[in-house]
Each structure stands twice: as C-alpha cells, then as structure tokens.
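Below is one structure, written out as structure tokens, with a few remarks after it.
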Amino acid sequence: MAELKKAHHYSYDYVPMEEPTEEFHDEPNIDQLPEFAPEVEEEVIISISPAKRLKRFTNLEKILVVGLASVIIGLSVMTIRLRTNISSVERDISGMTSTITTNKSEISRLEQEKNELSRSDRVKKIAEKQGLTINDDNLRKVK
C-alpha cells in the first residue's frame, strides 16, 4: 500500500519518544524532546501569466476600461483641435486689427490732404493762374 506523507507538522501533533535507556540523566537529551515550536509555512507565490490575469476581469469591466480609454483619447484630440482653432482665430483677429489700424491712418492722411487741397486761398491762386476771375457774389461755402 501507498503511504501518505505528512505535509505539515503542528505543535499539537504527537511525536513518539524513544525508549528510555538504562542510563538515567537529570537532564533529558535535547534530541529526545518533542518539538513544540510550530513550523512556519512558506508561501509559494505562483506567477500568473498575463492571459490568466486578463481572464479574471469580466467582459463588462473590459468594456468599461476600453470605453474610458477611448473617451480620454477623444477628449485629448478634441482639446488639441480646439486649441488649434483658437490659435488660428486669434491670428486672424490680430491680422484684421493691424489692417484696421493701417486703414485708419490712411483715412486720416487722406482727410488732411483733402483739407489742404480745398483751402480757399489755394483755389483762388489756381484760378488766377488759369486766367479766371473770382466773383465774390457767386461764392458759396460747402461743408
């Protein structure tokens, strides 16, 4: 018959003592004393392959993780696109502002030139050079 081997020794296990010899000692032999200290069980860590680790997650958990990852990636892409659009709009605004400033300065320069050319003294000098006479009764001021 096959014998069963004991896997663990516990402090409450009975350990038979050897038969006493004819010699009697006051102190017992250490080898003859039963062991009362429990043996510490060693934990055996079995590595789990990644495939087995994945099998521990349910399908719902896998779907949730994939969904969360895709939402995070989608939000990241949308944020980058939004920042790019904002940057291009700001560039357009600054371009329009510079164009407006240029146009305003041109308008003020042209108004000043118009005022200089339409002075009545200048108009009289040009008329006299051309051989025209000025009749003050026919003059009107236009604003």
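Provide the gained length on full extension for the span VAL89 to ARG109, in nm with one decimal, where the gain is 0.36 nm per separating residue minus the Cα-Cα distance. List each step's numbers first, then the result.
Values: separation 20, 0.36 × 20 = 7.20 nm, distance 3.02 nm.
Working it through step by step, the gained length comes to 4.2 nm.
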Check your understanding: Can you give the extra length, in nm with one decimal, that the chain gains between VAL77 and LYS62 once fully stretched, where that is 0.36 nm per residue apart less the Cα-Cα distance?
Key -> 3.1 nm
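Readers should treat all values here as calculations from the given coordinates under stated rules, not as data from a laboratory. This structure is a prediction, so every number in the text was calculated from the model and none was measured.
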